[in-house]
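Quick notes on the structure that follows.
The values are calculated or read from the model by the stated rules, or taken from the named source; none is laboratory data. Not measured: the values here are computed from a predicted model. Cβ: placed from backbone, ideal geometry, glycine included. Neighbour counts: every protein chain shown.
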Amino acid sequence: MRTHAAKRIEIIIEAPLLRRLTRLLDEAGAPGYTVLPVLAGSGVSGPWTRDGQVSAAGGMCTVIMVTTPEKAEALMQAAFEIVEPHIGIVSMTDCEVLRPELFDRSAGES
Amino acid sequence: MRTHAAKRIEIIIEAPLLRRLTRLLDEAGAPGYTVLPVLAGSGVSGPWTRDGQVSAAGGMCTVIMVTTPEKAEALMQAAFEIVEPHIGIVSMTDCEVLRPELFDRSAGES
Amino acid sequence: MRTHAAKRIEIIIEAPLLRRLTRLLDEAGAPGYTVLPVLAGSGVSGPWTRDGQVSAAGGMCTVIMVTTPEKAEALMQAAFEIVEPHIGIVSMTDCEVLRPELFDRSAGES
Amino acid sequence: MEFFALAGQNLLSPIVLSFVLGFAAALARSDLTIPEAVAKGLSIYLLFAIGIKGGVGVAESGLSPLVISSLVAGFVLSAAFPFLAFALLRVLSRLSVTDAAAVAGHYGSISIVTFVAMTSVLDGQGVPFEGHMVAVAAVMEAPAILSALFIASTRGAGRKISGELLHEVMLNSSIVLLVGSFIIGWVTGPAGLERIEAFVVSPFQGVLCLFLLDMGLLAGRGIRESRGTLSGGLVIFGCVMPLVGGAIGLGTGWLLGLSTGGIALLTTLCASASYIAVPAAMRVALPEANPSVYLTLSLGITFPFNLTAGLAIYFALARMIGG
Amino acid sequence: MEFFALAGQNLLSPIVLSFVLGFAAALARSDLTIPEAVAKGLSIYLLFAIGIKGGVGVAESGLSPLVISSLVAGFVLSAAFPFLAFALLRVLSRLSVTDAAAVAGHYGSISIVTFVAMTSVLDGQGVPFEGHMVAVAAVMEAPAILSALFIASTRGAGRKISGELLHEVMLNSSIVLLVGSFIIGWVTGPAGLERIEAFVVSPFQGVLCLFLLDMGLLAGRGIRESRGTLSGGLVIFGCVMPLVGGAIGLGTGWLLGLSTGGIALLTTLCASASYIAVPAAMRVALPEANPSVYLTLSLGITFPFNLTAGLAIYFALARMIGG
Amino acid sequence: MEFFALAGQNLLSPIVLSFVLGFAAALARSDLTIPEAVAKGLSIYLLFAIGIKGGVGVAESGLSPLVISSLVAGFVLSAAFPFLAFALLRVLSRLSVTDAAAVAGHYGSISIVTFVAMTSVLDGQGVPFEGHMVAVAAVMEAPAILSALFIASTRGAGRKISGELLHEVMLNSSIVLLVGSFIIGWVTGPAGLERIEAFVVSPFQGVLCLFLLDMGLLAGRGIRESRGTLSGGLVIFGCVMPLVGGAIGLGTGWLLGLSTGGIALLTTLCASASYIAVPAAMRVALPEANPSVYLTLSLGITFPFNLTAGLAIYFALARMIGG
Ligand SMILES: Nc1ncnc2c1ncn2[C@@H]1O[C@H](COP(=O)(O)O)[C@@H](O)[C@H]1O
Ligand SMILES: Nc1ncnc2c1ncn2[C@@H]1O[C@H](COP(=O)(O)O)[C@@H](O)[C@H]1O
Ligand SMILES: Nc1ncnc2c1ncn2[C@@H]1O[C@H](COP(=O)(O)O)[C@@H](O)[C@H]1O
Ligand code: NA
Ligand code: NA
Ligand code: NA
């Protein structure tokens, strides 16, 4: 089975910023993304956990995006713009995928 | 500390298909896997979120599997069979692990 | 946009051990980490799912940590110490990050 | 005259207004959401409570041939409706065979919350109904799925129905919970109910409000995100099919000899479209079908139509015909 | 004398003791936690129930000019308080402009659970209050956020207020749920309430206990994890600002001509600090501000202060002044 | 005669039937599940409610030497049972030392939901019981864990008991919630209870049904997935150990001079096995022990045995001996 080189971008971002991030990713031509819930974490600003929280303020979420190497740069840039003034971690990994055509399109068929 | 080369396979799949996928992975000799919940996402079929959902229909989940390079091919194949007619993203990443013996067995001691 | 080499460590560990793990990671100089919930899984000890569970006993969680290549070794070691007598999967992946300074510090400004 | 009073009364009930609140909030892009776990918890509560109450009803009234005939009728209607819906869809829309079959399956099956809303109308009007209608609701969940897959396969779409799928469809959580709690209610009877009345009866209407708030959020979100998915023809289908199905249910209920309340409930079951069990099955069995079409139609058009207008119509008709 | 009896009675109520239990458990590092989904579910219930009850109150008493004047007063107070709080913070602490502005926004806005706890004190004492105070609570949520951002921007901090942010702030889930259920209560009136009373009224106090247990856990955890975040000056601010705000609320309530219960509630609103809506907005709009400061202050100092001491003080004062 | 009537009545109660429904659904591989957050919420509710009620009971009856002697007895029994269970296991099974020690720890500790189910039987029969039995339940949670670790360590297995582990075990969420709400109930007394009765008392039986539905799902899933884990000897142990423990509890209760209800509850505590706190502690402290063994035994064998047969036996014996 032939696999194709791709990039996996993972963005850990404050929950209240999620909408803004995904909008920017959509605009930057993201083929799609998946949001995972986050339970707890720790960093320079100390530890936190979602347990018992009602406010979106005290929490992060994780956005995973698999994309072509060509598009990755623009998407990292878009993520950076949102994350920069905030706390948040953006990392990119090389990966292989089976159906490259899935990642070579803009979301929403636009 | 010596590390060993391994593969990390990540499958984002529609929740109602999870059982079928894991059964196939078990049959293909998966050493184990871990299922993460998914909160929301977006792709060609548009955005979705689990918020307030009762039906399993409107949602995905993520399966993570760490395995030996040798087994990776067969497992990708198994994943592909399930995912192919459906929406779903399969990606594979090189990684290093500490205890390779953990990944060199079939599940259920079979 | 310049990116920098970093390591992404992923630890799948039994939920009741989480506190011990994060304490050790903090002591080993982890720059931060993020804990993701886990829904279900399978391995040599058989399948499990969080559905309907009240006890922390029947479940795992996933800790993600992005760090510098230099610190990665010590953190893998720390993770290993906790995970070793238990079930649990530790894997490390090469990745690229945008702001390396974020990972070059100890948690809690200590 | 009286019909409009009833329709107005229904529209201004806490239940419908809660739905409207959710719908409006979603359209206005508020961040109001009900957590998934809470929504599932509410749904489990409603199924459990309605099942128990239905079972206790049968324990009180005893088994009669009517129970059997109603169950058989429900089964047949659920299996037959998809063919009707499919034909109607081919006329009213340009959906592909697969999409049309998937949608048709939803309309053969039922929406339990629409059913529950009708029991609430009946309670409000002091109209009794047969407890076994809950069992009829459970029986009507699954057959339509098989009919829809049959329609698709006879036209070259869809995969063959595996034993695994059959198993999933017949033991899906709503059916198991409804039937199980129905049996519990039946076995324990009024004495058992008395001990849990403060849980399954008294707060029922209020819990239903919160659940409908959630349904409104989902429906509004569906409508907002699927601009362009639904053609005019489909929207018409989403309002006409309930009326057609409801009319058939009405007639059947009358032929069966159900009480006014029972007729209203059977009409409601026939008029309602599934949005929980059937979509999940379609994702598995008809992956080529577009989920936005069937989900938006069932949840965004037909459910609101039934809740705001349908219930009053069905009840008024049932009272006319049922005496 | 009577004041101390009341204060003691409040301290030993199940509600306050539940908070204390959570607080102690968190300080002692117990692993007791309430799942996020359950906490959100409880919060939705409380907002929905208090909204309905408020609306029914207005349906019963009718609209009066007092409603309008209370709403206007609430709006103005919420918008004005951040300036006062900011000035006080500059005196009492060494917070940066951004941090001080962020904190100030929290104290202009309100804590709905503190409000709910006061309604519980009033119910316990048999003191009625105006239903429309719920609407006043909703109106007071957002203006303070804008004032805080204004303060920050005039001093070179913060980003400009985008339309998106305004939209988020004004349609945040608490406001939508409070206002929506208030309207539902208003429209359906006592007749509607009767049908859902066993859900929104009877179990209310008990649900509030569980929610306060959760609040205690959060407050205790906040205090435990933020040793060193709060200077002595900030702790003083966290206890003095409620008193100052409360005094202004008290006077305003009296000028408006509210009943004793209404005065107590307005005082409570003015004395309380937000810990849900405002922190989320500040994360977006003032990312440079330190969340531990404003969260710990609002949730770890002011909320416990109001719950254990404030409520009794505000109620005693309201009774003195309101007759 | 009367015993069989009682046993049958218990078997056909909504509570046991809900468990059976869950059990059957899991065995039949239905996809019915209760979300984790909801299950935790239900469990928090039950602990909170039973704690409050127990505390109010003590507030009403006053402190007596019996309270102290019961607490001491509970502590001693919980610490002693693991030795007995370990010995029995060595005879009846071929478990390794570590596995046997881990299992033994579960049987020394208690299952609060079994306790709650017995209170429900007592309520149904109109038999009163001492409120402080809730405190006895809390006291019996932890000592068994330490005994089990002691057994393991004297035989070269397990790690040494760290201060951290001790802390976790003694402040685990069930103990904190039970003891905390017990104190709340005690302090606020009947007057406090009155305000939250519609939450902690009236819906209690119904909530218990849903929780037992979940327990049934877990137990059934455990049994289904662990074919082969449990030898015949272990299954026998899972039914005999409750009877042995129960007999000792029965005698102790009688010696202490507890009422019939109190004896039945102490018997139930001694007969029940933990499935929440102890497994979590064993995962940490005895990682070499196989979780499927202790979880399946406690949840899949002993819990169903106690619920369906044990409760009736323990109650009948308590009534015989207690007058
Ligand atoms: N190096 C890291 N690896 C993974 N997650 C991190 C890392 N640093 C920070 N985070 C996450 O980002 C949040 C905020 O980080 P900080 O601003 O450093 O407090 C933390 O609570 C973690 O959830
Ligand atoms: N490139 C991608 N990266 C990550 N997740 C994706 C991607 N494309 C699709 N998904 C996920 O798969 C779901 C269905 O994708 P689609 O079929 O493209 O609508 C989306 O809602 C996402 O959750
Ligand atoms: N190869 C693997 N890849 C991903 N997760 C795994 C793997 N092996 C085990 N796990 C996770 O670790 C848990 C315990 O594994 P085991 O001890 O093999 O039963 C499983 O239930 C999975 O959640
Ligand atoms: Na139908
Ligand atoms: Na305020
Ligand atoms: Na025991």
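Assorted remarks:
- Residue check for F:ALA247: surrounded by fewer than 20 Cβ atoms within 10 Å (Cβ to Cβ) and within 17 Å of the chain's Cα centre (by Cα): yes
- Members of region E:279-303 found to be more than 10 Å from every other protein chain (Cβ to nearest Cβ), closer than 12 Å to E:ALA100 by Cβ and surrounded by fewer than 24 Cβ atoms within 10 Å (Cβ to Cβ), listed by number: E:VAL293
- Considering residues of region A:52-68 that are within 16 Å of ligand 1 (Cβ to nearest atom) and free of Cβ contacts under 8 Å to residues at least 12 places away in the same chain only, the residue nearest to the chain's Cα centre (by Cα): A:GLY58
- Within region D:45-69, restricting attention to residues that are more than 14 Å from chain F (Cβ to nearest Cβ) and among the β-branched types (Val, Ile, Thr), the residue that is surrounded by the most Cβ atoms within 10 Å (Cβ to Cβ) is D:VAL58.
- Residue match in region A:3-10 (condition: in a loop (DSSP other than H, G, I, E, B), away from ligand 1 (no atom under 15 Å from the Cβ) and more than 9 Å from chain C (Cβ to nearest Cβ)): yes
- Residue in region E:70-82 that is at pLDDT 95 or above, within 14 Å of chain D (Cβ to nearest Cβ) and crowded, with 18+ Cβ neighbours inside 10 Å present: no
- Inclusion of D:ILE175 among residues that are within 14 Å of chain F (Cβ to nearest Cβ), assigned to a helix (DSSP H, G or I) and either on the phi < 0 side of the Ramachandran plot or crowded, with 24+ Cβ neighbours inside 10 Å (or both) is warranted.
- Set E:ALA285, E:ALA247, E:ALA271, E:ALA264: member being out of contact with any helix residue (DSSP H, G or I) (no Cβ under 6 Å at 6 or more places or on another chain) and hydrophobic (A, V, I, L, M, F, W, C): E:ALA247
- Within region B:18-38, residues that are assigned to a loop (DSSP other than H, G, I, E, B) have Cβ atoms under 6 Å from residues that are among the small types (Gly, Ala, Ser) in these pairs: B:ALA28/B:ALA74; B:ALA28/B:ALA78; B:GLY29/B:SER106; B:ALA30/B:ALA107; B:GLY32/B:ALA107; B:GLY32/C:SER42; B:GLY32/C:GLY43, counting only partners at least 6 apart in sequence or on another chain.
- Which numbered condition E:SER18 misses (of (1) more than 10 Å from chain D (Cβ to nearest Cβ); (2) touching a Gly at 6+ places or on another chain (Cβ under 6 Å)): (2)
- Listed here are the helices (runs of 4 or more DSSP H) enclosed by region E:223-323 that have at least 3 residues being more than 28 Å from E:SER18 (Cβ to Cβ): E:232-256, E:277-285, E:311-322.
- Count of residues meeting criterion [farther than 14 Å from F:ALA49 by Cα and within 7 Å of another protein chain (Cβ to nearest Cβ)] in region E:197-219: 7
- Taking the conditions (1) crowded, with 23+ Cβ neighbours inside 10 Å; (2) more than 10 Å from chain C (Cβ to nearest Cβ); (3) out of contact with any Asp or Glu (no Cβ under 7 Å at 6 or more places or on another chain) in turn, A:GLY52 satisfies each one other than (3).
- Residue selection: D:LEU42 fails the criterion of being without any contact (Cβ under 8 Å) to a residue 24 or more places away in the chain, over 30 Å from E:LEU166 (Cα atoms) and at the interface with chain E (Cβ under 10 Å from one of its Cβ atoms).
- Verdict on C:MET92 being more than 7 Å from every other protein chain (Cβ to nearest Cβ), within 13 Å of the chain's Cα centre (by Cα) and outside any helix (DSSP H, G or I): no
- Among the residues of region B:6-52, the ones that are farther than 29 Å from D:ARG221 by Cα, out of contact with any Phe, Trp or Tyr (no Cβ under 7 Å at 6 or more places or on another chain) and more than 16 Å from ligand 2 (Cβ to nearest atom) come to 12 in all.
- Restricting region B:63-83 to residues that are surrounded by fewer than 23 Cβ atoms within 10 Å (Cβ to Cβ) and not in a helix (DSSP H, G or I), the residue that is nearest to the other protein chains (Cβ to nearest Cβ) is B:ILE64.
- The set of residues in region F:183-224 being of a type in the set (S, T, N, Q) and closer than 16 Å to F:ALA117 by Cβ consists of F:GLN205 alone.
- Taken over region D:200-222, the criterion of being among the aliphatic types (A, V, I, L, M) and in a helix (DSSP H, G or I) is satisfied by D:VAL200, D:VAL207, D:LEU208, D:LEU210, D:LEU212, D:LEU213, D:MET215, D:LEU217, D:LEU218, D:ALA219.
- Among residues of region D:150-172 being in contact with a Pro (Cβ under 9 Å, 6 or more places away or on another chain) and of a type in the set (D, E, K, R), the one that is surrounded by the fewest Cβ atoms within 10 Å (Cβ to Cβ) is D:ARG159.
- Residues (more than 16 Å from ligand 2 (Cβ to nearest atom) and closer than 21 Å to B:VAL38 by Cβ) located in region A:59-79: A:GLY59, A:MET60
- Filtered by the rule that a residue be small (Gly, Ala, Ser) and surrounded by 23 or more Cβ atoms within 10 Å (Cβ to Cβ), region D:1-25 gives D:SER13, D:SER18, D:GLY22, D:ALA25.
- Every residue from region D:115-147 that is within 14 Å of another protein chain (Cβ to nearest Cβ) and in a helix (DSSP H, G or I): D:VAL116, D:ALA117, D:THR119, D:SER120, D:VAL121, D:LEU122, D:ASP123, D:GLY124, D:GLN125, D:ALA138, D:ILE145
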